[in-house]
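In what follows, a structure is listed as structure tokens, so that the remarks can point back to it.
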Amino acid sequence: MKVSNRSLFCLLINGIGLLGLAIPAVAHHSFVAEFDESKPVKVTGTVTKVEWQNPHVWFYVDVKDETTGKVANWGFSGGAPGQLMRRGVTRDVIKPGMVIKVEGYRARDGSNNSSGGKVTFQDGRMVFTASAEDRIPGEKDKK
Amino acid sequence: MNWLRIFILPLIAIPMLAQSSGAQKSVPRMPDGKPDFSGIFEWPKSPNGEHGKGSATIFDRKNFAPLKPGGEAFLEPRTGDMRHDEPRDFCMPAGFPGGMLSANAVRLVQNRNFLVIAHEFQNNTRLIPLDGRPHREGLEPMFYGDPVGHWEGDTLVIDTTQFKRWALDDYFYTNPKEFRMHSDALHTTERMKWKDAATISYQLTIDDPKIFSAAWSQDFEMKARPDWEKMGIFEYVCEENNRCPGGKCEKH
């Protein structure tokens with residue numbers, strides 16, 4: 001399913017406050033190769049699956065297009081499990097059924113895959129699920 | 001036995017006191033007195049070096065020796081082909097020294113004959129012989145080269161040769177148009193020494209005569225992280241779920 005950038009921003013469902021957490025930078029070896037920094041993605045939806053595996057955690061989110069009503073399943077790439085655990089992000093931080101907002105950049109192949117640099121939960125908590133290399137929309141060169 | 005107390009004990013005690021009062025008094029040591037680097041550490045960081053956009057440590061260009069004519073081509077040969085420009089995205093090795101500078105935990109394990117450098121990134125393990133053996137001969141060029149170590153006082157010197165041409169560091173995250181590579185003539189020298197009981201001073205010398213007119217060095221530090229000891233080093237099997245190699249994602 002192809003979604004325009006404009007439609008992507010229409011997918012925002014919840015206005016959520018942010019709780020900033022100081023997170024040390026970790027390596028993510030593939031951002032440049034896999035994701036397009038000119039195509040920000042910011043979506044909200046329901047987590048359907050979490051793959052807590054190397055080289056990068058992936059989590060999947062059902063996202064409803066507010067314009068068309070269609071639901072698309074998006075995949076988001078995070079940091080390596082070990083890196084996330086070392087900063088306190090454990091495998092049960094993101095669980096199926098949760099509604100989350102995810103910000104990142106779209107895969108270069110235009111598929112429904114994206115970097116998943118920042119996740120915001122419904123209660124306002126926020127975690128960086130990726131790294132400095134995973135640019136986060138609106139934030140420059142987080143280290 | 002007063003003669004023993006008066007004459008012999010001071011002969012034993014004075015050298016011990018002299019050693020313990022020095023700057024290195026509190027650093028861990030092996031039974032033979034050599035420094036013991038065993039522990040869990042942050043990756044080498046360069047407090048005064050250039051900080052790129054990525055989290056991995058990068059070499060600071062101001063440390064570079066002047067390039068030889070044609071050397072620039074080794075440092076900036078980015079092609080647009082991700083198999084060349086970012087081979088790690090296909091789970092190819094980071095190699096040395098780039099892998100050592102990746103932003104992951106590092107476990108050092110030492111005995112009399114070996115130092116093991118186990119880097120969490122890509123499960124990379126370097127075995128550094130400390131028994132005085134020479135470099136092996138007749139090997140094919142390698143991603144991580146052939147290291148041998150020797151002691152110069154309290155400094156461990158690791159000499160590595162027999163590299164294949166590969167990535168030098170992660171600079172391309174700072175400038176996507178540049179991909180620094182070293183040549184197959186690379187020869188590295190690492191110098192490790194306890195700076196204090198919680199910090200290893202780590203100097204890396206790059207001698208690459210196909211690129212640079214002289215050897216050059218950069219100083220780093222590795223901070224001990226005993227708070228990571230319980231957690232330890234995690235497994236990192238890149239092939240497990242590498243979903244978007246080269247930017248082409250598997251369907252889900």
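The values are calculated or read from the model by the stated rules, or taken from the named source; none is laboratory data. Computed from a prediction, not measured in an experiment: that's the story for all the values here. Methodologically, a virtual Cβ is constructed for each residue, glycine included, from the backbone with ideal geometry; neighbour enumeration extends over all protein chains shown.
What the table below lists for this structure:
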| read-out | value |
| --- | --- |
| First in region B:126-152 and within 19 Å of B:Leu204 (Cβ to Cβ), second anywhere and of a type in the set (Gly, Ala, Ser) and outside any loop (DSSP other than H, G, I, E, B), Cβ under 6 Å, 6 or more apart | B:Ile128/B:Gly149; B:Leu130/B:Gly149 |
| Where B:Phe220 falls short, out of the listed (1) at pLDDT below 95; (2) touching a Phe, Trp or Tyr at 6+ places or on another chain (Cβ under 9 Å); (3) of a type in the set (A, V, I, L, M, F, W, C) | (1) |
| Single residue of region B:65-102 satisfying the filter (aliphatic (A, V, I, L, M) and closer than 20 Å to B:Thr188 by Cβ) that is farthest from the other protein chains (Cβ to nearest Cβ) | B:Ala65 |
| Test: B:Arg243 is buried (at least 19 other Cβ atoms within 10 Å of the Cβ) and within 23 Å of B:Arg78 (Cβ to Cβ) | no |
| Subset of region A:94-131 [out of contact with any Gly (no Cβ under 6 Å at 6 or more places or on another chain), buried (at least 19 other Cβ atoms within 10 Å of the Cβ) and assigned to a loop (DSSP other than H, G, I, E, B)] | A:Ile94, A:Ser111, A:Asn112 |
| Flag for B:Phe37 being at pLDDT 95 or above, touching a Leu at 6+ places or on another chain (Cβ under 7 Å), assigned to a loop (DSSP other than H, G, I, E, B) and not charged (D, E, K, R) | yes |
| So B:Ala73, is it small (Gly, Ala, Ser) and modelled with pLDDT of 95 or more | no |
| Answer residue from region B:233-252, given it is over 14 Å from A:Asn54 (Cβ atoms) and either part of a helix (DSSP H, G or I) or of a type in the set (S, T, N, Q) (or both) and is farthest from the other protein chains (Cβ to nearest Cβ) among those | B:Gly246 |
| Selection from region B:92-110 of residues that are part of a loop (DSSP other than H, G, I, E, B) and under 11 Å from B:Leu168 (Cα atoms) | B:Ala94, B:Gly95, B:Phe96, B:Pro97 |
| Condition check for B:Lys210: farther than 23 Å from B:Asp81 by Cβ, surrounded by fewer than 22 Cβ atoms within 10 Å (Cβ to Cβ) and of a type in the set (Lys, Arg) | no |
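To keep it simple, each residue is scored yes or no on (1) in a loop (DSSP other than H, G, I, E, B); (2) within 14 Å of another protein chain (Cβ to nearest Cβ); (3) under 26 Å from B:Leu108 (Cβ atoms).
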residue: B:Glu140; (1), (2), (3): yes, no, no
residue: B:Pro147; (1), (2), (3): no, no, yes
residue: B:His150; (1), (2), (3): no, no, yes
residue: B:Val157; (1), (2), (3): no, no, yes
residue: B:Thr160; (1), (2), (3): no, no, yes
residue: B:Asp169; (1), (2), (3): yes, yes, yes
residue: B:Phe172; (1), (2), (3): no, yes, no
residue: B:Asn175; (1), (2), (3): yes, yes, no
residue: B:Glu178; (1), (2), (3): yes, yes, no
